[in-house]
Protein chains: 2
Amino acid sequence: MEGKANIQDVAKRANVSIATVSRVINNQGGVRKQTEERILKAIQELGYIRNAAARTMKSKDTKTIGVIVPDINNPFFPSVMAGIEQKARETGYFAILSSTNESPVVEQEILKNFIERGVDGVIITTANENGDHLKQVHEQGIPMVAVDRSIQYYDVDTVLVDNVKGSYQAVQHMILQGHEKIAIICGPQNTTPGRERFIGYKKALEDYNLKLDERYIFQGDFGERSGYQGAHQLYSLDDRPTAIFSSNNLMTIGCVKAVGDLDWKLGEEISFFGFDDVDIATFLNPKLSVVSRPMHALGELAFQLLHERIQFKDPVPKREYKLSPELIIRESCRLRYPKNSPDGQSLKK
Amino acid sequence: MEGKANIQDVAKRANVSIATVSRVINNQGGVRKQTEERILKAIQELGYIRNAAARTMKSKDTKTIGVIVPDINNPFFPSVMAGIEQKARETGYFAILSSTNESPVVEQEILKNFIERGVDGVIITTANENGDHLKQVHEQGIPMVAVDRSIQYYDVDTVLVDNVKGSYQAVQHMILQGHEKIAIICGPQNTTPGRERFIGYKKALEDYNLKLDERYIFQGDFGERSGYQGAHQLYSLDDRPTAIFSSNNLMTIGCVKAVGDLDWKLGEEISFFGFDDVDIATFLNPKLSVVSRPMHALGELAFQLLHERIQFKDPVPKREYKLSPELIIRESCRLRYPKNSPDGQSLKK
DNA sequence: TCCTAAAATGTAAACGTTTAGATTTTCTTA
DNA sequence: TAAGAAAATCTAAACGTTTACATTTTAGGA
């Protein structure tokens, strides 16, 4: 039985009971030194590896958390996951990652699978913020933390970035640079970031007495392709915008690609501000201005909140954290007019 | 016991034995229609969710595969994982992902954890190609497939791309464009891609009678920063190269960033070819030429091979697949001389 | 040397499934 | 109607741990 010894075999080899072996495996103390050494030697010789299933059946906690992301190819999520995984490892937890491809049906399957596997908690960026599909997790009393997107139906700890503030400041910046015809490529309005970034956009226009122009609003889906299409649509207008705010990283890539294809002069004919930094931002000429989020820190905070939930099963009220984004002003959003010219004198109401 | 019913509760509610419930849960047939309906109704009413640990203890197969990647922030790996996950889902398997951050120690911990959890197989891009740390997995007889990097110590099915061919063709292209001073930013030489891409580079130089110049060889570590440093070092030479070949995506980003910072005219003073496509490739002016790999297909093939191993435990000899890369010629590697000029006439030996 | 307390170790039930073999029920044919 | 075969269902062991409680061993003090 090479490589497949169980605790009984170890006990026999070391001349002790399985309970004593279990005490040693779990570092529980109460075992004589020489007994412990005999047991460790037996473990080594037999190549014993404990069986997580057996342990789970008895002790109920698996030291595992499940992480669910909607799009693993979006660089935001691997960064968040890196933060989660690092924190998890530091506290003896194991993080398992699964991706839904923005499908609530797949998300439901993954959640059921996680429940079956007895995960101690779940960190989720849900494909459906309504959240009624989370009933089973809720009924099982499994702690959950939502990242980047909220969950309506249940009270779940939530880690966000202040989307309103980030997009407000980005649009404000473009206004203060003299732009009045500012377009937005929106994320899905049934998501927190999609909705809130749109709110920030509108609020900034309102505060500076700028009229909301429906032509300048393109409804994207957070995918690169929709950014591309959005840019094309905006370009096709008779009265083109002079600035674009893109609501996420992938739509930024698509948008900028289209701007290039259309020979729409970035930084001259059209200014640009995107939400979430991207690799290309510093490569373009002009370099892109962006709203930047602390992704690794988001992941760490999410794990920390979840870990607290797992450890203290108190019915503490829901907590919501909004981290501050950071504006990174590069060059893609230049002055529309030189400073102090008459047209540049429009003021915040 | 809301939400926490077990199979015994279901059996009681439906007035059958747990064996009959098990037959229904597992779609094994041999159950009368009306009995089955009663059982399904009881499952529904009680909110029964099966316990994977209990099942694993009895049936030994977990329908889970473990995936190990060295750097989750490298976009290559999420793409491969997307291919794995899609194929896994299609065949009723669950894929769990863990990242080593290029640490063999962490990799060992992850592997042990996977063994404890009874994964049916492992897909790995190892942090240590020597592979002697895989002894435990091997002893447990757990099927394994290596992706992108080989494993020396054990015979493991391997899915690679033809690195030699890809880098050979990229360097050949630059030679045929008239370049003779071609530099390389190498990946780690203890990795298959690092080693083989270097081999392709050398072979192309050799085939066209070009001397290997040590000054033009920079040893990187696949990270962005080393690409940046490599470009700086190459720039600092008295006799600068006229072309650079970068061995992976992140070093490409770093290299191109440095070229920009140095005002080293990309496409004019310095030509460029990178291995693996990157988002920025099509944004730069000039757009980057790259060797492109079918990442999603790599993932799908890796899963397929693993699945075959899991299903048929035959001692089939090790298989190695090398997919063909694709050259994407964009603009970053222009002619050093106009066509038909005397200096452009150098021929392959 | 003996007694008592503390430490060390052992026993056995429990966790929740799956499934081999046993038992019961049903159906068909003579 | 009865007998035999097939179908349906049941029983109970097993998987490998953990741990509450029991038992044994050891150590110290009178």
| Estimated inter-spin distance, A:Glu45 and B:Lys41, nm [label 7 Å along Cα→Cβ] | 6.0 nm
| task | Evaluate 2.2 N^0.38 Å with N set to the residue count of the range B:30-78, then give the Cα radius of gyration divided by it. | result | 1.98
| request: Give the percent of DSSP beta bridges with both residues in chain B that are antiparallel, rounded to the nearest 5. | output: 10 percent
| When each copy gets a label point 7 Å from Cα toward the beta-carbon at B:Glu116, what are the spacings between them in nm, shortest first? | 2.2
| said: Taking every alpha carbon pair in the range A:48-151, what does the distance histogram look like in 5 angstrom bins from 0, in percent? | reply: 2, 12, 23, 24, 19, 11, 5, 2, 0, 0
| task | Mind listing the label-point distances from B:Pro286 to the same position on all other copies, shortest first, one decimal in nm, points 7 Å along Cα→Cβ? | result | 2.7
| Residues of the range B:109-123 buried by at least 40 Å² on assembly (accessible area, 1.4 Å probe, chain alone as reference) | B:Glu116, B:Arg117
| query | What chymotrypsin sites (Phe, Trp or Tyr not before Pro) does the range B:57-154 have in DSSP loop regions with at most 16 other beta carbons within 10 Å? | reply | B:Tyr153, B:Tyr154
| query | Tell me, Kirkwood radius of chain B from alpha-carbon pair distances, in Å? | reply | 22.9 Å
| note | Accessible-area loss of at least 20 Å² (1.4 Å probe, chain alone to full protein assembly) applies in the range B:1-48 to B:Glu2, B:Gly3, B:Lys4
| query | Which ³J(HN,Hα) values in Hz, rounded to whole numbers, follow from the phi angles of the range A:150-167 under the Karplus curve 6.51 cos²θ - 1.76 cosθ + 1.60, where θ = phi - 60° and Gly and Pro get x? | reply | 8, 10, 6, 5, 10, 7, 10, 3, 9, 10, 10, 10, 6, 5, 4, 4, x, 6
| request: Could you order A:His296, B:His307 by accessible surface area, starting with the largest, using a probe radius of 1.4 Å? | output: A:His296, B:His307
| task | Give the long-range amide H neighbours of B:Val147: residues separated by 5 or more places, or on another chain, with amide H under 5 Å away, using H modelled in the peptide plane at 1.01 Å from N. | result | B:Ile124, B:Thr125, B:Thr126, B:Val159
| With every protein chain present, what accessible area does A:Val80 have (1.4 Å probe, heavy atoms only), rounded to the nearest 10 Å²? | 10 Å²
| field | Pairwise Cα inverse-distance average, inverted: Kirkwood Rh of the protein assembly as shown (Å) | value | 28.1 Å
| task | Give me Rg over Rh for the range A:2-42, both radii from the alpha carbons and Rh done the Kirkwood way, two decimal places. | result | 0.94
| query | Between the DSSP loop rule and a limit of at most 10 other Cβ atoms within 10 Å, which chymotrypsin sites (Phe, Trp or Tyr not before Pro) in the range B:216-312 are left? | reply | B:Phe312
| message | For a quick check of your reading of the filter: which trypsin sites (Lys or Arg not before Pro) in the range A:175-262 sit in a DSSP loop and have no more than 15 other Cβ atoms within 10 Å? | response | A:Lys211
| request: Considering Cα pairs under 8 angstrom that are at least six residues apart, work out the relative contact order of chain A and quote it in whole percent. | output: 17 percent
| query | Can you give me the Cα centroid spacing of the range A:95-142 and the range B:285-334 in angstrom? | reply | 31 Å
| note | With the dipole of the protein assembly as shown defined by +1 on each Lys or Arg Cβ and -1 on each Asp or Glu Cβ, the option from B:His138, B:Pro325, A:His133 whose Cα lies farthest towards the positive pole is B:His138
| said: Assume the label is 7 Å from Cα along Cα to beta carbon: what separations in nm does A:Leu262 have to the matching positions in the other copies? | reply: 3.7
| On the accessible surface of the range B:7-50, probed at 1.4 Å, how many percent belong to carbon and sulfur atoms? | 43 percent
| In percent, how large is the relative contact order of the range A:7-50, given Cα pairs closer than 8 Å and 6 or more residues apart? | 44 percent
| query | Okay, helix-only estimate at 222 nm for the protein assembly as shown: each DSSP H run of n ≥ 4 adds -39500 (n - 2.57), divide by all residues, round to 500 deg cm²/dmol; what do you get? | reply | -13000 deg cm²/dmol
| Which far-off residues, 5 or more places away or on another chain, put their amide H under 5 Å from the one on A:Phe94, with H placed in the peptide plane? | A:Thr64, A:Ile65
| Accessible surface ranking that places the most exposed of A:Leu262, A:Leu97 first, with a 1.4 angstrom probe | A:Leu262, A:Leu97
| field | Interface area, A with B, accessible, probe 1.4 Å, both sides summed, Å² nearest 100 | value | 4200 Å²
| request: List the residues of the range B:59-77 that lose 50 Å² or more of accessible area once all protein chains are present, compared with their chain alone (1.4 Å probe, heavy atoms only, no ligands or nucleic acids). | output: B:Ile72, B:Asn73
| request: Calculate the dipole size of the range B:7-50 relative to its Cα centre from +1 charges on Lys and Arg beta carbons and -1 charges on Asp and Glu beta carbons; express the result in debye to the nearest 20. | output: 80 debye
| Residues in the range A:271-291 that a label on A:Asp207 would reach, taking backbone N under 12 Å of a point 7 Å out along Cα→Cβ | none
| task | Of the options B:Leu266, A:Gly220, B:Gln34, report the single residue whose Cα projects farthest towards the positive end of the charge dipole of the protein assembly as shown (beta-carbon charges: Lys, Arg +1; Asp, Glu -1). | result | B:Gln34
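The values are calculated or read from the model by the stated rules, or taken from the named source; none is laboratory data. All values reported here derive from a predicted model rather than from experimental measurement. All Cβ positions, glycine included, derive from the backbone under ideal geometry; neighbour counts span all protein chains shown. To get the accessible areas, we keep the full protein, side chains included, count just its heavy atoms, and leave off ligands, DNA and RNA. Shrake-Rupley method; radii C 1.70, N 1.55, O 1.52, S 1.80 Å.
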